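Encoded as structure tokens, the structure appears first; notes follow it.
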Amino acid sequence: MKAEQLKALYPTLQDIPEQHRLPEPIHERRVLVNGEFKQWDGPCNTVVSPIRLRKDDGSLAEMEIGSYPLGGEEEAVEALEAAVAAYRDGRGEWPTMTAGERIACMQEFVRQMVQKREEVVRLIMWEIGKSLSDSQKEFDRTVEYIEATIDALRSVDNEHSRFTVVEGTIGQIRRTPLGVVLCMGPYNYPLNETFATLIPALIMGNTVVFKPPRFGCLLFAPLLDAFKSAFPKGVVNTVYGRGAVVVPKLLNTGKINVLTLIGSSKVADHLKKQHPKAHRLRAILGLDAKNAAIVMPDADIDLAVKECVLGSLSFNGQRCTALKILLVHQSIADKFVEKFSEALAKLKVGMPWDDKVMITPLPDAPKVGAMTEFVEDAKAQGAKVMNPDGGEGAETLFYPAVVYPVKEGMKLYREEQFGPVIPITPFDDIETALDYVITSDHGQQVSIFDTDPDRIGALADPLVNQVCRVNINSQCQRGPDVFPFAGRKDSAEGTLSVTDALRSFSIRSMIAAKATDENRRLLDDIVTNNRSKFISTRFIF
Ligand code: G3H
């Protein structure tokens, strides 16, 4: 698609289906702190949609869809102090609730959240340009994640509702909160990935300071009431403002116990150093990735193409799990490139609400420039764009570019492009493909495409020690959410999954007593007369 054709895809006001229009801009002025909405009257950040509007004269205009507070250090510290006060050194209402009581609050939150589905889905589309069906999936998957988290906590708590006696010591072990969690999600899954850390952090009894991403901030507005009413005051507090200003300040205080961030390893490294006592800071991080597909000579080429198209271009390649380089055996490389380009040509480009759309606007115009730079750098070093019109751009739309052959030295070979550019590298010897993964700074996942069980087995063994998930004949992905989501090297710290996240945001604590008659009587009294929430054999049904 040429630039002119791309431009023509932007809608006029009348072209936007009624049900997908934003009724009015959202000017968020509420900051949730200590259970109250504080009205903000300071500077604000304007939110411009990636979707451009075609005017009567054919020109394209930016659409301002709202704004949100641009707080500074002072406001950030106020939110932090509210979270610290709500935690009250572990004596606050929230950290001392039973798991059953916290589950009840979370259920109330979900009850209110599902009523906001339509509003939130619409905002995901308008703020980050995600297709309607993917935005709906993001919302539904998040609700399912919360429900699964509730079930998982119920089982964990019930398993710990008992005593054990070992070598004359009676013990009871439970998972307890860590303190104040600073939670920051990414723009590509603003709801899902933020909640995949925020929800487990909360349900384990931590209090939270939550900073929404720069793109994908307004979509939390419909959920603020639910946060306010479902949880005790100070348990969830929002911070707006420039990350580079407010986040280091928060960490500098030494009062953040857990940093959870989905973002870049560079930022994470910098932030961790801001904490005055590094060992006190637990970090749960989802970071950079450059997942490779290795396509072997005997691969089912049509299947490999289908999965690689999905893997590299779902949500325009803006997934941390996206396939960001395709290593294809020389003997099938020409065929693969041809078939891949054919499949790409069939992808629908358009606006998020268009039926079956795959390629949609990127969050802002500089992102298109960044994609062009990747392509130009490779071209200057001898690679070619293999698909017709690959790399054409107009405003926020970028037509995907298949770049071949990509080699060491080109930016696309090692850097994470996080967008719709598909580098393809031919290899002769499997050692070259393995060496790519071994020498990479990233270690999230890999996909291998082959039909030979011997070779798949032999490849899987070294690869599982380099990355955390080896996908056989399928694209890389995070789900199902009960599976561990982790990474080596610069790709992650900590493991997320429904149950792993509960562990990540808590620590085991125990009571222990010598198994004397006196202690047995004491513990029996405590349990029988419900004198403790921790020392208890209650069961959550
Ligand atoms: O951006 C990273 C996401 O966790 C990827 O999730 O593989 O389900 O798209 P996904």
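The values are calculated or read from the model by the stated rules, or taken from the named source; none is laboratory data. What you see is a predicted model; the values in this text were computed from it and never measured. Here the Cβ positions follow ideal geometry from the backbone for every residue, glycine too, while neighbour counts run over all protein chains shown. When the accessible area is computed, the model is the full protein with side chains, heavy atoms only, and any ligands, DNA or RNA have been set aside. Shrake-Rupley method; radii C 1.70, N 1.55, O 1.52, S 1.80 Å.
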For this session: Give just the number: which of (1) open to solvent by less than 60 Å² (accessible area, probe 1.4 Å); (2) farther than 30 Å from Val209 by Cβ; (3) more than 28 Å from the chain's Cα centre (by Cα) does His20 not satisfy?
Result: (3)
Problem set entry | Check on Ile526, surrounded by 13 or more Cβ atoms within 10 Å (Cβ to Cβ) and either within 16 Å of the ligand (Cβ to nearest atom) or farther than 24 Å from Pro200 by Cα (or both) | yes
Exercise. Any idea which of Lys290, Lys339, Lys277 is basic (Lys, Arg) and in contact with a helix residue (DSSP H, G or I) (Cβ under 6 Å, 6 or more places away or on another chain)?
Worked result: Lys339
Seminar exercise, completed: Selection from region 504-522 of residues surrounded by 19 or more Cβ atoms within 10 Å (Cβ to Cβ) and more than 16 Å from the ligand (Cβ to nearest atom) yields Phe505, Ser506
Exercise. Restricting attention to region 145-155, does a residue exist that is within 15 Å of the chain's Cα centre (by Cα) and either surrounded by fewer than 24 Cβ atoms within 10 Å (Cβ to Cβ) or more than 16 Å from Ile65 (Cα to Cα) (or both)?
Worked result: yes
Exercise. Would region 54-76 turn up any residue that is farther than 29 Å from Val247 by Cβ, touching a Gly at 6+ places or on another chain (Cβ under 7 Å) and either surrounded by 14 or more Cβ atoms within 10 Å (Cβ to Cβ) or at pLDDT below 95 (or both)?
Worked result: no
Exercise. Mind checking whether some residue in region 412-427 is part of a loop (DSSP other than H, G, I, E, B) and among the aromatic types (Phe, Trp, Tyr)?
Worked result: yes
Exercise. In region 468-503, which residues are among the β-branched types (Val, Ile, Thr), within 14 Å of the ligand (Cβ to nearest atom) and either within 27 Å of Asp300 (Cβ to Cβ) or open to solvent by less than 70 Å² (accessible area, probe 1.4 Å) (or both)?
Worked result: Thr495, Val498
Seminar exercise, completed: Residue hits (region 288-330; among the basic types (Lys, Arg) and more than 12 Å from the ligand (Cβ to nearest atom)) are Lys290, Lys306
For this session: Within region 337-351, identify whether any single residue is closer than 25 Å to Glu415 by Cα, of a type in the set (Asp, Glu) and modelled with pLDDT of 95 or more, and answer yes or no.
Result: yes
For this session: Kindly list, by first and then second residue, each pair from a residue in region 273-296 that is over 29 Å from Tyr413 (Cβ atoms) to a residue that is within 16 Å of the ligand (Cβ to nearest atom), limited to pairs with Cβ atoms under 6 Å and residues at least 6 apart or on different chains.
Result: Ile284/Thr260; Ile284/Gly494; Ile284/Ser504
Exercise. Any idea which residue in region 283-306 is surrounded by the fewest Cβ atoms within 10 Å (Cβ to Cβ), counting only those that are assigned to a strand (DSSP E or B) and of a type in the set (A, V, I, L, M)?
Worked result: Ala283
For this session: Determine whether Ala85 is surrounded by fewer than 17 Cβ atoms within 10 Å (Cβ to Cβ), of a type in the set (A, V, I, L, M), within 17 Å of Val236 (Cβ to Cβ) and touching a residue at least 60 places away in the same chain (Cβ under 8 Å).
Result: yes
Problem set entry | Among (1) under 24 Å from the mean Cα position of the chain (by Cα); (2) farther than 19 Å from Val181 by Cα; (3) open to solvent by less than 60 Å² (accessible area, probe 1.4 Å) - the single one Glu118 does not satisfy | (3)
For this session: Can you tell me which residue among Ala268, Ala278, Ala230, Ala244 is of a type outside the set (Val, Ile, Thr) and closer than 17 Å to Ala201 by Cα?
Result: Ala230
Exercise. From the list Val375, Val403, Val328, which residue is without any contact (Cβ under 8 Å) to a residue 60 or more places away in the chain, open to solvent by less than 10 Å² (accessible area, probe 1.4 Å) and part of a strand (DSSP E or B)?
Worked result: Val403
Exercise. In this structure, does Ala365 turn out to be within 18 Å of Ala292 (Cα to Cα) and not β-branched (Val, Ile, Thr)?
Worked result: no
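In the list Ala370, Ala365, which residue meets the criterion of being aliphatic (A, V, I, L, M) and at pLDDT 95 or above? Please lay out each step first, then the result.
Details: Ala365 fails: at pLDDT 95 or above.
So the residue among Ala370, Ala365 that is aliphatic (A, V, I, L, M) and at pLDDT 95 or above is Ala370.
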For this session: Search region 190-205 for residues that are aromatic (Phe, Trp, Tyr) and pair each with any residue that is within 15 Å of the ligand (Cβ to nearest atom) when their beta-carbon atoms are under 8 Å apart and the residues are at least 6 apart or on different chains.
Result: Phe195/Thr142; Phe195/Tyr145; Phe195/Gly185
Seminar exercise, completed: Taking region 461-516 and keeping residues small (Gly, Ala, Ser) and assigned to a helix (DSSP H, G or I) leaves Ala501, Ser504
Problem set entry | Residues (assigned to a helix (DSSP H, G or I), surrounded by 18 or more Cβ atoms within 10 Å (Cβ to Cβ) and out of contact with any Phe, Trp or Tyr (no Cβ under 8 Å at 6 or more places or on another chain)) located in region 334-364 | Phe336, Lys339, Phe340, Ser341, Leu344
For this session: Report, ordered by the first and then the second residue, all pairs with beta carbons closer than 7 Å, sequence separation of six or more or different chains, a first member in region 133-148 that is more than 13 Å from the ligand (Cβ to nearest atom), and a second member that is assigned to a helix (DSSP H, G or I) and open to solvent by 30 Å² or more (accessible area, probe 1.4 Å).
Result: Phe139/Arg117; Val143/Val114
Exercise. Restricting the search to region 156-187, which residues are assigned to a loop (DSSP other than H, G, I, E, B), more than 25 Å from the chain's Cα centre (by Cα) and either within 15 Å of the ligand (Cβ to nearest atom) or within 19 Å of Thr96 (Cα to Cα) (or both)?
Worked result: His160, Ser161, Arg162
